[in-house]
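Following: one structure in structure tokens, then a few remarks.
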Amino acid sequence: MKKIFEKDFYGKKIVVEHGELAKQANGALLVRFNDTVVLSTVCAANDANLLSDFFPLMVVYQEKLYSVGKIPGGFIKREGRPTEAATLAARMIDRPMRPLFPEDFRNEVQVVNTVLSVDPDSPPEMPAMFGSSLATCISKVPFDGPIAGVKVGRVDGKFIINPTVEEAENSDIDLTVAGTIDAINMVEAGSKEVSESDMLDALMFGHEAIKELCKFEIEIIEEIGEEKMDYPRLEIQDELRLEVDNLIRTDLDKALRIMDKQEKYAAIDKIKEDLINKYTLENTNLSDEELNELKVKLVRIFDAIEYELFRNITVLEHTRSDGRSMTEIRPISTDIDILPRTHGSALFTRGQTQSLSVTTLGALGEHQILDGLDIETEKRFMLHYNFPAFSVGETGRYGAPGRREIGHGALGERALLQVIPSEDEFPYTIRVVSEILESNGSSSQASICAGCMSLMAAGVPIKAPVAGIAMGLITAGDDYTILTDIQGMEDHLGDMDFKVAGTRNGICALQMDIKIKGVTKEILEKALLQAHDARMEILDKMEKTILKPRAEVSKYAPKTLTFMINPNKIKDVIGKGGEMITKIILEASGVDAVTDINAVKVDLEDDGRVIIYHSDKEIIEKTANMIKDIVREAEVGKIYNAKVVKIEDFGCFVQIWPGCEGLVHISALAKEHVKKTEDVVKLGDEILVKCLGYDKKGRLNFSRKDALTENNDK
């Protein structure tokens with residue numbers, strides 16, 4: 001039976017429909033958020049791989065282009081691989097949900113969100129998160145929810161929940177926050193140099209709205225929720241736990257205190273390997289399947305002891321595994337101009353994390369085209385992040401970027417976007433690529449630091465330098481410690497990864513993921529203030545290498561010239577089938593094809609703006625003059641020096657400048673009667689003509705006779 005639940009939420013209506021669609025799924029809901037409609041479903045496998053070391057959760061976010069009245073581009077004309085926006089939306093739902101599944105749950109779970117209709121003022125990501133949580137909560141799948149999320153904006157100092165498109169454009173905060181009724185457990189934000197206190201207020205404002213949504217979910221769960229499934233667990237005997245603990249605790253404690261990453265990891269791996277070998281030799285009577293199960297139990301006991309020891313060392317002893325204080329940043333080194341022929345390059349190294357970032361400048365026409373559900377259809381600033389396996393001394397997969405690489409790149413892009421100059425100030429498409437060469441914690445923040453320096457080295461007039469730092473949280477019972485500049489083990493064994501990037505004036509980007517159920521306002525406040533101090537220290541280091549953007553772009557980067565023409569003349573510059581613009585590019589550049597790397601680039605904007613790009617200023621000037629000749633309009637009554645370019649029986653055609661031609665009728669060639677055009681002019685002659693204006697067919701007419709008469713009168 002179909003059931004409908006409704007709620008008015010900050011000026012918009014949420015409608016939840018259950019019992020009509022996708023009834024074979026373990027949980028399914030249709031969520032309406034004004035005119036935005038999302039179908040959220042959840043299914044869990046009945047069996048489980050108890051020996052797996054991870055929980056197989058898949059969150060899918062499917063963008064259907066019919067939801068915004070679009071037909072997909074390309075030859076196939078159907079949706080293909082997820083867009084970057086869809087990938088980020090799926091990650092945003094996964095991150096607050098994953099920590100709330102039981103730790104020993106190993107049944108595969110798929111949460112699928114299908115976007116069916118989109119109202120631009122009611123973005124589908126938030127109803128998809130709401131639907132994912134609620135569909136899981138009402139299903140048989142064990143889940144310690146509900147969770148919910150909201151977007152928070154701020155216009156004229158006033159916070160707004162789920163802002164409209166217009167409100168978002170005028171907002172200085174773009175915050176997505178998710179959590180339970182008790183605490184926040186996921187944050188994603190971009191902001192225009194907002195203070196730590198204002199950002200904290202925005203987080204708390206968002207959490208108040210989250211509480212309302214969670215209460216609404218609880219009402220629905222109480223009415224239609226079903227009993228949770230019983231699931232298989234891997235049982236580990238207490239005797240085995242105690243036995244392993246006695247064997248490894250002392251050695252593992254010593255290994256965790258080793259400063260060097262590689263040496264530490266090697267020592268830990270050796271203890272684990274010796275443990276497994278010992279039990280393998282002592283249990284030769286076991287079958288392969290039984291032996292494999294024993295090995296998994298040993299690894300889980302080992303991991304639990306490592307987890308406990310690490311927390312005791314950090315929280316109770318106030319000692320970090322590499323010897324630093326809780327607020328100390330690892331040694332930083334910076335350099336620029338590493339790559340001589342790129343437009344801008346920089347190297348940022350912090351401890352054993354290293355990013356080589358490269359900036360490339362291109363024409364505005366080289367922007368990224370977005371084929372998604374957003375109103376935005378193009379992007380002129382991009383940051384791409386690459387994380388090769390060798391950066392952590394391993395072998396691995398190479399190919400298309402995964403969700404992690406897309407997410408890290410998006411975070412860096414969001415941080416630096418806040419200081420990127422406008423298109424009018426700097427008419428370039430800008431691409432930054434971060435190549436992670438070493439990684440031991442927070443390579444995304446290293447990418448922001450290196451990316452910022454590479455932008456300045458490339459001559460991009462950013463508003464202010466940006467730096468980023470990752471904060472960690474380690475809890476032990478009621479005690480906790482906040483760590484500045486977490487490294488890999490502190491991230492892996494810790495409870496929070498809280499990344500903060502910004503300028504000296506304020507925060508530009510924020511991202512938080514946690515492995516516990518939530519964090520308090522007190523923890524968030526301390527982490528933000530500690531991150532602020534660290535950011536200032538990193539900016540000091542960066543500014544010793546490069547203080548401000550260079551005054552000019554690299555000699556290898558395209559130079560630009562911008563001027564305005566009459567928008568009605570754009571078609572004349574382009575010409576029939578692009579014939580005229582192609583001719584201009586080839587002649588000005590001295591190349592044979594417009595695709596030649598040395599060809600000048602010309603962007604023609606609808607408002608009449610012309611932007612020319614080339615590394616050679618002379619070629620830019622030549623191109624500009626050719627375009628100006630085409631759009632220049634002859635003045636009626638003015639005398640011009642013209643070249644005869646074509647002879648006809650009824651007169652001749654003359655060119656007063658390239659692209660501007662007109663007819664001198666045979667009757668207007670001379671004062672006396674002319675029987676034959678060639679009697680007066682020949683091809684290539686230069687003659688004086690007077691502009692008579694345009695005829696009824698829009699053709700330009702000139703008179704040699706009137707020009708001669710006026711000259712004689714003078």
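Structure notes:
- Among (1) in the same structural domain as residue 582 (by TED's automatic domain parsing); (2) surrounded by fewer than 18 Cβ atoms within 10 Å (Cβ to Cβ); (3) of a type outside the set (Phe, Trp, Tyr); (4) without any contact (Cβ under 8 Å) to a residue 60 or more places away in the chain - the single one residue 615 does not satisfy: (4)
- Qualifying residue in the range 383-395 (condition: part of a strand (DSSP E or B) and of a type in the set (Ser, Thr, Tyr)): yes
- Taken over the range 479-498, residues that are free of Cβ contacts under 8 Å to residues at least 12 places away in the same chain and touching a His at 6+ places or on another chain (Cβ under 9 Å) amount to 0.
- Residue in the range 161-179 that is touching a His at 6+ places or on another chain (Cβ under 7 Å), touching a residue at least 60 places away in the same chain (Cβ under 8 Å) and either among the hydrophobic types (A, V, I, L, M, F, W, C) or not in a loop (DSSP other than H, G, I, E, B) (or both) present: yes
- The condition of being closer than 21 Å to residue 190 by Cβ, assigned by TED's automatic domain parsing to the domain that holds residue 22 and buried (at least 21 other Cβ atoms within 10 Å of the Cβ) holds for only one of 124, 120, that being 124.
- Strands (runs of 3 or more DSSP E) contained entirely in the range 412-526, each with at least 1 residues that are of a type in the set (Gly, Ala, Ser), on the phi < 0 side of the Ramachandran plot and crowded, with 24+ Cβ neighbours inside 10 Å: 429-438, 467-476, 496-502, 507-514
- Candidates 298, 291, 286: the one that is part of a helix (DSSP H, G or I) and either over 23 Å from residue 269 (Cβ atoms) or in contact with a Phe, Trp or Tyr (Cβ under 8 Å, 6 or more places away or on another chain) (or both) is 298.
Per-residue answers, yes or no, for (1) under 29 Å from residue 11 (Cα atoms); (2) of a type outside the set (Val, Ile, Thr); (3) part of a loop (DSSP other than H, G, I, E, B):
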residue	(1), (2), (3)
46	no, yes, no
60	yes, no, no
73	no, yes, yes
77	no, yes, yes
87	yes, no, no
102	no, yes, yes
110	no, yes, no
114	yes, no, no
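- Every residue from the range 372-397 that is closer than 13 Å to residue 84 by Cα, among the aliphatic types (A, V, I, L, M) and touching a residue at least 60 places away in the same chain (Cβ under 8 Å): 373, 383
- The range 76-92 - residue that is among the β-branched types (Val, Ile, Thr) and touching a residue at least 40 places away in the same chain (Cβ under 8 Å) and, of those, nearest to residue 129 (Cα to Cα): 87
- Residue among 17, 108 that alone is surrounded by fewer than 21 Cβ atoms within 10 Å (Cβ to Cβ), touching a strand residue (DSSP E or B) at 6+ places or on another chain (Cβ under 6 Å) and within 30 Å of residue 301 (Cβ to Cβ): 108
- Here 585, 620 are screened, and the one residue that is assigned to a helix (DSSP H, G or I) and under 33 Å from the mean Cα position of the chain (by Cα) is 620.
- Applying the condition of being over 25 Å from residue 509 (Cα atoms) and not small (Gly, Ala, Ser) to the range 383-400 and asking which residue is surrounded by the most Cβ atoms within 10 Å (Cβ to Cβ) yields 392.
- Taken as a whole, the range 374-382 holds no residue that is in contact with a helix residue (DSSP H, G or I) (Cβ under 9 Å, 6 or more places away or on another chain), exposed (fewer than 11 other Cβ atoms within 10 Å of the Cβ), modelled with pLDDT of 85 or more and of a type outside the set (A, V, I, L, M).
- Scanning the range 570-590 for residues that are touching a helix residue (DSSP H, G or I) at 6+ places or on another chain (Cβ under 8 Å) and not small (Gly, Ala, Ser), we see that the one that is farthest from residue 380 (Cα to Cα) is 587.
- Some residue of the range 52-75 being in contact (Cβ under 8 Å) with a residue 60 or more places away in the chain and farther than 30 Å from residue 378 by Cβ: yes
- Among the residues of the range 8-43, those that are out of contact with any helix residue (DSSP H, G or I) (no Cβ under 9 Å at 6 or more places or on another chain), in contact (Cβ under 8 Å) with a residue 24 or more places away in the chain and in a strand (DSSP E or B) comprise 12, 43.
- Some residue of the range 393-411 being of a type in the set (Ser, Thr, Tyr) and within 29 Å of residue 614 (Cα to Cα): no
- Index of the failed condition, residue 36 passing every other in (1) farther than 30 Å from residue 294 by Cβ; (2) at pLDDT below 95: (2)
- Entry remark, the range 597-615: residues being at pLDDT below 90 and under 23 Å from residue 556 (Cβ atoms) number 3 in total.
The values are calculated or read from the model by the stated rules, or taken from the named source; none is laboratory data. The shown structure was predicted, so the numbers you read here are calculated from the model rather than taken from an experiment. Positions of Cβ are backbone-derived with ideal geometry, glycine not excepted, and every protein chain shown enters the neighbour counts.
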